[in-house]
Amino acid sequence: MWLYDWFFAPFVEYGFMGRALAGSFALAFAAGPLGVFLVLRRMSLMGDAMAHAILPGVAVGFLTAGLSLGAMTIGGMVTGLIVALLAGAVARATPLREDASFAAFYLVSLGLGVLLVSLRGSNMDLIHVLFGTILGLDDASLLLVTICSSITLVVMAVIFRPLVVECLDPGFLRAERGPGSLSHMVFLVLLVMTLVAGFQVLGTLMVVGIMMLPATAARFWARSAGWQMMLAGAIGVFSCYVGLLVSYHANVPASPAIILSAGAVYFLSIFLGPQGGLLQAARRARARHRRLSQMGENN
(Lines give C-alpha, C1' and ligand atoms only; values in the text may rest on other atoms or scores of the structure.)
Protein backbone atom coordinates (compact mmCIF):
# COMPACT_ATOMS: atom_id res chain seq x y z
CA MET A 1 0.00 0.00 0.00
CA TRP A 2 2.88 2.39 0.58
CA LEU A 3 3.66 2.30 -3.14
CA TYR A 4 0.13 3.42 -3.89
CA ASP A 5 0.21 6.09 -1.19
CA TRP A 6 3.47 7.55 -2.42
CA PHE A 7 3.19 7.30 -6.21
CA PHE A 8 -0.49 7.20 -7.15
CA ALA A 9 -2.74 8.35 -4.30
CA PRO A 10 -2.09 12.12 -4.74
CA PHE A 11 -3.35 12.03 -8.34
CA VAL A 12 -6.27 9.69 -7.67
CA GLU A 13 -7.61 11.18 -4.44
CA TYR A 14 -7.16 14.88 -5.19
CA GLY A 15 -8.75 16.43 -8.26
CA PHE A 16 -6.36 19.39 -8.41
CA MET A 17 -3.38 17.02 -8.53
CA GLY A 18 -4.99 14.99 -11.31
CA ARG A 19 -5.65 18.11 -13.38
CA ALA A 20 -2.09 19.32 -12.76
CA LEU A 21 -0.71 15.98 -13.95
CA ALA A 22 -2.90 15.93 -17.07
CA GLY A 23 -2.09 19.54 -17.96
CA SER A 24 1.65 19.14 -17.45
CA PHE A 25 1.66 15.90 -19.47
CA ALA A 26 -0.14 17.59 -22.37
CA LEU A 27 2.31 20.50 -22.29
CA ALA A 28 5.38 18.24 -22.08
CA PHE A 29 4.32 16.13 -25.08
CA ALA A 30 4.29 19.22 -27.33
CA ALA A 31 7.02 21.35 -25.74
CA GLY A 32 9.74 18.69 -25.87
CA PRO A 33 9.64 18.15 -29.67
CA LEU A 34 9.56 21.92 -30.25
CA GLY A 35 12.64 22.24 -28.06
CA VAL A 36 14.45 19.62 -30.14
CA PHE A 37 14.13 21.76 -33.27
CA LEU A 38 15.30 24.84 -31.36
CA VAL A 39 18.40 22.87 -30.31
CA LEU A 40 19.01 21.61 -33.86
CA ARG A 41 18.76 25.18 -35.18
CA ARG A 42 21.11 26.48 -32.48
CA MET A 43 18.29 28.74 -31.31
CA SER A 44 17.96 27.40 -27.78
CA LEU A 45 17.68 30.87 -26.24
CA MET A 46 14.91 31.78 -28.66
CA GLY A 47 12.46 29.78 -26.56
CA ASP A 48 13.30 31.90 -23.55
CA ALA A 49 12.98 35.07 -25.62
CA MET A 50 9.57 34.08 -26.98
CA ALA A 51 8.33 33.05 -23.52
CA HIS A 52 8.97 36.59 -22.33
CA ALA A 53 7.70 38.14 -25.56
CA ILE A 54 4.16 36.98 -24.79
CA LEU A 55 4.16 38.75 -21.42
CA PRO A 56 2.94 42.20 -22.62
CA GLY A 57 -0.03 40.65 -24.39
CA VAL A 58 -0.87 38.56 -21.35
CA ALA A 59 -0.61 41.72 -19.23
CA VAL A 60 -2.91 43.68 -21.56
CA GLY A 61 -5.45 40.87 -21.41
CA PHE A 62 -5.17 40.90 -17.62
CA LEU A 63 -5.63 44.67 -17.45
CA THR A 64 -8.71 44.63 -19.68
CA ALA A 65 -10.48 41.51 -18.44
CA GLY A 66 -8.77 40.40 -15.25
CA LEU A 67 -7.73 36.76 -14.96
CA SER A 68 -9.63 35.87 -18.12
CA LEU A 69 -8.19 32.85 -19.91
CA GLY A 70 -9.45 33.95 -23.32
CA ALA A 71 -8.22 37.56 -23.07
CA MET A 72 -4.75 36.61 -21.83
CA THR A 73 -4.42 33.84 -24.42
CA ILE A 74 -5.35 36.11 -27.33
CA GLY A 75 -3.10 38.89 -26.04
CA GLY A 76 -0.16 36.52 -25.65
CA MET A 77 -0.61 35.07 -29.13
CA VAL A 78 -0.79 38.50 -30.76
CA THR A 79 2.26 39.97 -29.03
CA GLY A 80 4.29 36.78 -29.42
CA LEU A 81 3.73 36.70 -33.18
CA ILE A 82 4.38 40.45 -33.50
CA VAL A 83 7.69 40.16 -31.63
CA ALA A 84 8.71 37.13 -33.73
CA LEU A 85 7.96 38.95 -36.99
CA LEU A 86 9.64 42.20 -35.90
CA ALA A 87 12.76 40.44 -34.61
CA GLY A 88 13.06 38.45 -37.84
CA ALA A 89 12.56 41.59 -39.95
CA VAL A 90 15.22 43.51 -38.01
CA ALA A 91 17.66 40.61 -38.41
CA ARG A 92 17.09 40.52 -42.17
CA ALA A 93 17.18 44.29 -42.72
CA THR A 94 20.20 45.08 -40.54
CA PRO A 95 23.58 43.47 -39.76
CA LEU A 96 22.20 42.39 -36.36
CA ARG A 97 22.00 38.62 -35.97
CA GLU A 98 18.65 36.99 -35.25
CA ASP A 99 19.60 35.82 -31.74
CA ALA A 100 20.67 39.35 -30.76
CA SER A 101 17.49 40.80 -32.24
CA PHE A 102 15.33 38.37 -30.28
CA ALA A 103 17.29 39.13 -27.10
CA ALA A 104 16.65 42.86 -27.47
CA PHE A 105 12.93 42.42 -28.08
CA TYR A 106 12.63 39.92 -25.25
CA LEU A 107 14.20 42.31 -22.73
CA VAL A 108 11.90 45.12 -23.78
CA SER A 109 8.88 42.79 -23.67
CA LEU A 110 9.76 41.50 -20.22
CA GLY A 111 10.09 45.00 -18.79
CA LEU A 112 6.89 46.19 -20.45
CA GLY A 113 4.92 43.15 -19.34
CA VAL A 114 5.98 43.38 -15.69
CA LEU A 115 5.19 47.11 -15.71
CA LEU A 116 1.70 46.55 -17.14
CA VAL A 117 0.82 43.82 -14.67
CA SER A 118 2.09 45.96 -11.78
CA LEU A 119 -0.11 48.91 -12.80
CA ARG A 120 -3.29 47.16 -11.74
CA GLY A 121 -2.48 43.80 -10.22
CA SER A 122 -0.94 42.77 -6.94
CA ASN A 123 2.25 40.87 -6.33
CA MET A 124 0.23 37.65 -6.30
CA ASP A 125 -1.14 38.43 -9.78
CA LEU A 126 2.41 39.00 -11.04
CA ILE A 127 3.57 35.72 -9.50
CA HIS A 128 0.60 33.96 -11.13
CA VAL A 129 1.58 35.23 -14.57
CA LEU A 130 5.33 34.67 -14.18
CA PHE A 131 5.32 31.31 -12.39
CA GLY A 132 1.94 29.82 -13.26
CA THR A 133 -0.64 28.08 -11.08
CA ILE A 134 -0.31 24.45 -12.05
CA LEU A 135 -2.09 23.25 -8.92
CA GLY A 136 -4.98 25.61 -9.67
CA LEU A 137 -5.72 24.50 -13.23
CA ASP A 138 -9.41 24.58 -14.05
CA ASP A 139 -11.17 22.64 -16.78
CA ALA A 140 -10.95 25.53 -19.28
CA SER A 141 -7.17 25.85 -18.87
CA LEU A 142 -6.73 22.09 -19.12
CA LEU A 143 -8.78 22.02 -22.30
CA LEU A 144 -6.76 24.89 -23.80
CA VAL A 145 -3.43 23.17 -23.10
CA THR A 146 -4.67 19.86 -24.48
CA ILE A 147 -6.05 21.39 -27.70
CA CYS A 148 -2.92 23.49 -28.35
CA SER A 149 -0.62 20.52 -27.72
CA SER A 150 -2.66 18.27 -29.99
CA ILE A 151 -2.59 20.84 -32.81
CA THR A 152 1.15 21.31 -32.35
CA LEU A 153 1.89 17.59 -32.60
CA VAL A 154 -0.30 17.09 -35.67
CA VAL A 155 1.13 20.09 -37.54
CA MET A 156 4.70 19.14 -36.64
CA ALA A 157 4.11 15.68 -38.08
CA VAL A 158 2.94 17.31 -41.33
CA ILE A 159 5.93 19.67 -41.67
CA PHE A 160 8.50 17.32 -40.12
CA ARG A 161 10.59 16.78 -43.26
CA PRO A 162 10.89 20.48 -44.24
CA LEU A 163 11.82 21.34 -40.65
CA VAL A 164 14.58 18.73 -40.55
CA VAL A 165 15.96 19.79 -43.96
CA GLU A 166 15.86 23.44 -42.95
CA CYS A 167 17.81 22.65 -39.78
CA LEU A 168 20.52 20.83 -41.73
CA ASP A 169 20.71 22.98 -44.87
CA PRO A 170 18.36 26.00 -45.04
CA GLY A 171 19.90 27.09 -48.35
CA PHE A 172 18.85 23.85 -50.01
CA LEU A 173 15.13 24.51 -49.60
CA ARG A 174 15.51 28.04 -50.88
CA ALA A 175 17.46 26.79 -53.91
CA GLU A 176 14.84 24.15 -54.64
CA ARG A 177 11.97 26.58 -53.98
CA GLY A 178 10.82 24.37 -51.16
CA PRO A 179 8.55 25.40 -48.27
CA GLY A 180 11.45 26.41 -46.04
CA SER A 181 10.24 29.89 -45.16
CA LEU A 182 6.65 28.69 -44.79
CA SER A 183 7.66 25.87 -42.46
CA HIS A 184 9.71 28.34 -40.42
CA MET A 185 6.72 30.63 -39.99
CA VAL A 186 4.46 27.72 -39.07
CA PHE A 187 7.06 26.59 -36.55
CA LEU A 188 7.10 30.06 -34.95
CA VAL A 189 3.30 30.03 -34.71
CA LEU A 190 3.40 26.62 -33.01
CA LEU A 191 6.11 27.84 -30.64
CA VAL A 192 4.11 30.91 -29.62
CA MET A 193 0.89 28.92 -29.27
CA THR A 194 2.54 26.32 -27.01
CA LEU A 195 4.18 28.98 -24.85
CA VAL A 196 0.90 30.88 -24.49
CA ALA A 197 -0.92 27.69 -23.48
CA GLY A 198 1.92 26.69 -21.19
CA PHE A 199 2.02 29.91 -19.20
CA GLN A 200 -1.22 28.81 -17.54
CA VAL A 201 0.61 25.72 -16.30
CA LEU A 202 4.17 26.83 -15.49
CA GLY A 203 4.12 30.59 -16.05
CA THR A 204 6.03 32.64 -18.61
CA LEU A 205 9.34 32.21 -16.75
CA MET A 206 9.15 28.46 -16.21
CA VAL A 207 7.41 27.16 -19.32
CA VAL A 208 10.59 27.33 -21.41
CA GLY A 209 12.26 24.95 -18.95
CA ILE A 210 9.98 22.05 -19.85
CA MET A 211 10.71 22.83 -23.50
CA MET A 212 14.52 23.08 -23.47
CA LEU A 213 15.75 20.82 -20.65
CA PRO A 214 14.17 17.57 -21.97
CA ALA A 215 15.27 18.48 -25.51
CA THR A 216 18.90 19.06 -24.51
CA ALA A 217 18.88 15.90 -22.39
CA ALA A 218 17.52 13.83 -25.30
CA ARG A 219 20.47 14.99 -27.41
CA PHE A 220 22.78 12.82 -25.28
CA TRP A 221 20.69 9.66 -25.81
CA ALA A 222 19.57 9.69 -29.45
CA ARG A 223 21.06 10.72 -32.80
CA SER A 224 18.08 11.14 -35.12
CA ALA A 225 15.65 14.03 -34.79
CA GLY A 226 12.66 11.69 -34.59
CA TRP A 227 14.04 9.72 -31.66
CA GLN A 228 15.11 12.92 -29.92
CA MET A 229 11.57 14.29 -30.21
CA MET A 230 10.01 11.18 -28.73
CA LEU A 231 12.59 10.98 -25.97
CA ALA A 232 12.21 14.68 -25.16
CA GLY A 233 8.47 14.20 -24.72
CA ALA A 234 9.04 11.17 -22.49
CA ILE A 235 11.61 13.01 -20.35
CA GLY A 236 9.24 15.95 -20.01
CA VAL A 237 6.40 13.68 -18.87
CA PHE A 238 8.67 11.92 -16.37
CA SER A 239 9.90 15.26 -15.02
CA CYS A 240 6.34 16.52 -14.54
CA TYR A 241 5.35 13.37 -12.69
CA VAL A 242 8.38 13.41 -10.39
CA GLY A 243 8.15 17.17 -9.84
CA LEU A 244 4.50 16.99 -8.82
CA LEU A 245 5.22 14.11 -6.43
CA VAL A 246 8.08 16.04 -4.84
CA SER A 247 5.86 19.10 -4.59
CA TYR A 248 3.12 17.12 -2.85
CA HIS A 249 5.24 15.15 -0.39
CA ALA A 250 7.83 17.88 0.38
CA ASN A 251 5.32 20.76 0.36
CA VAL A 252 7.31 22.86 -2.12
CA PRO A 253 6.11 24.89 -5.15
CA ALA A 254 5.18 22.65 -8.06
CA SER A 255 6.58 24.60 -11.02
CA PRO A 256 10.19 24.85 -9.71
CA ALA A 257 10.03 21.20 -8.62
CA ILE A 258 9.12 20.14 -12.18
CA ILE A 259 11.90 22.22 -13.73
CA LEU A 260 14.47 20.98 -11.21
CA SER A 261 13.43 17.39 -11.96
CA ALA A 262 14.04 18.03 -15.66
CA GLY A 263 17.36 19.64 -14.74
CA ALA A 264 18.38 16.53 -12.79
CA VAL A 265 17.68 14.37 -15.86
CA TYR A 266 19.73 16.79 -17.95
CA PHE A 267 22.76 16.59 -15.67
CA LEU A 268 22.52 12.80 -15.54
CA SER A 269 22.43 12.79 -19.34
CA ILE A 270 25.58 14.90 -19.49
CA PHE A 271 27.45 12.25 -17.53
CA LEU A 272 25.80 9.00 -18.68
CA GLY A 273 24.48 9.72 -22.17
CA PRO A 274 25.89 7.44 -24.91
CA GLN A 275 25.87 10.27 -27.50
CA GLY A 276 28.68 12.53 -26.32
CA GLY A 277 28.29 12.09 -22.56
CA LEU A 278 31.29 12.61 -20.30
CA LEU A 279 31.51 8.94 -19.31
CA GLN A 280 31.53 7.85 -22.94
CA ALA A 281 34.16 10.47 -23.77
CA ALA A 282 36.36 9.19 -20.94
CA ARG A 283 36.03 5.61 -22.20
CA ARG A 284 36.96 6.66 -25.72
CA ALA A 285 39.94 8.59 -24.43
CA ARG A 286 41.17 5.54 -22.47
CA ALA A 287 40.65 3.27 -25.49
CA ARG A 288 42.56 5.68 -27.72
CA HIS A 289 45.35 5.86 -25.17
CA ARG A 290 45.60 2.05 -25.06
CA ARG A 291 45.76 1.83 -28.86
CA LEU A 292 48.52 4.42 -28.99
CA SER A 293 50.41 2.59 -26.25
CA GLN A 294 50.12 -0.71 -28.13
CA MET A 295 51.28 0.93 -31.36
CA GLY A 296 54.28 2.37 -29.50
CA GLU A 297 55.19 -1.02 -28.05
CA ASN A 298 54.90 -2.69 -31.45
CA ASN A 299 57.20 -0.12 -32.99
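The values are calculated or read from the model by the stated rules, or taken from the named source; none is laboratory data. The model shown is predicted, which means the values in this text are computed figures rather than measured ones. Reconstructed Cβ throughout: ideal geometry from the backbone, glycine too, with neighbour counts over all protein chains shown. Note: areas computed on protein heavy atoms with side chains; ligands, DNA, RNA excluded. Shrake-Rupley method; radii C 1.70, N 1.55, O 1.52, S 1.80 Å.
In the condition set (1) open to solvent by 60 Å² or more (accessible area, probe 1.4 Å); (2) within 30 Å of G132 (Cα to Cα); (3) of a type outside the set (V, I, T); (4) modelled with pLDDT under 90, P256 is compliant with all but (1).
Of note, V242 satisfies the criterion of being open to solvent by 30 Å² or more (accessible area, probe 1.4 Å), over 12 Å from the mean Cα position of the chain (by Cα), among the aliphatic types (A, V, I, L, M) and at pLDDT 90 or above.
Of everything listed in (1) of a type in the set (A, V, I, L, M, F, W, C); (2) over 13 Å from the mean Cα position of the chain (by Cα); (3) closer than 30 Å to E13 by Cβ, the single unmet condition for V201 is (2).
Results for (1) over 17 Å from A197 (Cα atoms); (2) modelled with pLDDT under 75; (3) under 22 Å from the mean Cα position of the chain (by Cα), shown as yes or no for each residue.
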position	(1), (2), (3)
L107	yes, no, yes
N123	yes, yes, no
G132	no, yes, yes
D139	no, no, no
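Which ones in the stretch 241-257 are of a type in the set (V, I, T) and closer than 18 Å to F29 by Cβ? Once the filter is applied, which keeps residues that are of a type in the set (V, I, T) and closer than 18 Å to F29 by Cβ, the stretch 241-257 yields only V242. Being at pLDDT 75 or above, under 23 Å from L213 (Cα atoms) and open to solvent by less than 50 Å² (accessible area, probe 1.4 Å) holds for only one residue in T152, T73, and it is T152. Screening A250, A218, A234 for residues that are under 16 Å from the mean Cα position of the chain (by Cα) and either surrounded by fewer than 20 Cβ atoms within 10 Å (Cβ to Cβ) or among the polar types (S, T, N, Q) (or both) leaves exactly one candidate, A234. Only one entry in L21, L3, L63 is part of a helix (DSSP H, G or I), open to solvent by 10 Å² or more (accessible area, probe 1.4 Å) and within 22 Å of Y106 (Cβ to Cβ), namely L63.
Restricting to helices (runs of 4 or more DSSP H) lying wholly in the stretch 222-299: which have 2 or more residues that are more than 27 Å from L34 (Cβ to Cβ)?
In the stretch 222-299, the matching helices (runs of 4 or more DSSP H) lie at 225-250, 278-298.
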